[in-house]
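S.K.: Following this message is one structure expressed as structure tokens.
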Amino acid sequence: MSAQRRMGLAAIVAGVCFFLGQGGELVFGDDSRALFVVIVALLAVAVMGFVVAFLAMRAVLRSSRAGRVGASIGLVGALFLVAFAVQLGVAAVRSGEVPENFALFAVGFLLILVAHAVVARPLAAVIGGAWWLSLVAGATLLAALVANEIYIWHDLALFAFEACWVVMGVLAYRRSGADHAVETSRTRV
């Protein structure tokens, strides 16, 4: 599987699983331990999707210094989210409650926000004219962090962030298929 295809699939998984976990918490709450564990599992899968997407993005954007640097910043941010997911998982097992400290989460998403700004233009090589979705993802992530305690605005901003990831993933995946078809037709000739 090509790095671009892997990046696309991982971005889709990250966006969808993050959406399901966040949406599940909004709809059902996290009062029951079983539901909390499911939400944490969805978050963990989403976080691993971010890790794989940024790893693949580094390979896909290797010819662009800004692309490599931005993808590396995003990868470090995603690793902070991995640490947060571990913290959340331990809390789920021990007490069934969300931990009070969200520092790992905040640092991880701040780094991912910076990564979105740095990789935006280089992403044009991967997702074409929709490279601006990376800027929108960064802006909505900033809005989610700023509006953290302001009723539904935090969640709406995160939903927009997740949607950007899904759309960018679909575009990267589809374009990788088109590139693969061109490569295959060239080798047959």
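The values are calculated or read from the model by the stated rules, or taken from the named source; none is laboratory data. Quick caveat, the model's predicted, so the values are computed rather than measured. Backbone-built Cβ (ideal geometry, glycine too); neighbour counts: all protein chains shown. All accessible areas refer to the heavy atoms of the entire protein, side chains included, with ligands and DNA or RNA removed. Shrake-Rupley method; radii C 1.70, N 1.55, O 1.52, S 1.80 Å.
S.K.: With every protein chain present, what is the per residue accessible area of the chain (1.4 Å probe, Å²)?
M.R.: Solvent-accessible surface per residue comes out at 51 Å².
S.K.: Of the options 23, 72, 45, report the single residue whose Cα projects farthest towards the positive end of the charge dipole of the range 11-74 (beta-carbon charges: Lys, Arg +1; Asp, Glu -1).
M.R.: About the Cα centre, the residue reaching furthest to the positive side is 72.
S.K.: Can you give the percent of C-alpha pairs in the chain whose distance is more than 28 Å?
M.R.: In whole percent, the long-distance tail amounts to 25.
S.K.: Whenever you get a sec, compute what percent of the accessible area on the chain sits on carbon and sulfur atoms (1.4 Å probe).
M.R.: 68
S.K.: On to the next question. Relative to the Cα centre, what is the charge dipole magnitude of the range 1-160, using +1 at the beta carbon of each Lys and Arg, -1 at the beta carbon of each Asp and Glu, and rounding to the nearest 20 debye? Could you put the intermediate results ahead of the total?
M.R.: On the way: 9 positive and 7 negative charges, 208 e Å.
Approximately 1000 debye in magnitude.
S.K.: For the range 52-65, just list the computed ³J(HN,Hα) in residue order, Karplus coefficients 6.51, -1.76 and 1.60, θ = phi - 60°, integers in Hz, with x standing in for Gly and Pro.
M.R.: Along the range 52-65, the couplings run 5, 4, 5, 4, 5, 4, 4, 5, 5, 9, 4, 7, 10, 4 Hz.
S.K.: Take peptides 160-167, 125-132 and line them up by average Cβ neighbours within 10 Å, highest first, as a rough protection proxy.
M.R.: Details: 160-167: 21.1, 125-132: 16.6.
Output ranking for 160-167, 125-132: 160-167, 125-132.
S.K.: Divide the volume of the convex hull of the Cα atoms of the range 47-130 by its number of residues and quote the answer in cubic angstrom per residue. Each step should come with its number before you reach the end.
M.R.: Details: hull volume 6.8 nm³, N = 84.
Roughly 80 Å³ of hull volume per residue.
S.K.: Next question, about the same structure. Under the Karplus relation 6.51 cos²θ - 1.76 cosθ + 1.60, θ = phi - 60°, what is the ordered set of whole-Hz ³J(HN,Hα) values for the range 78-90, x standing for Gly and Pro?
M.R.: Once θ is set to phi - 60°, the couplings for the range 78-90 become 5, 5, 5, 5, 4, 4, 5, 4, 5, 4, 5, x, 5 Hz.
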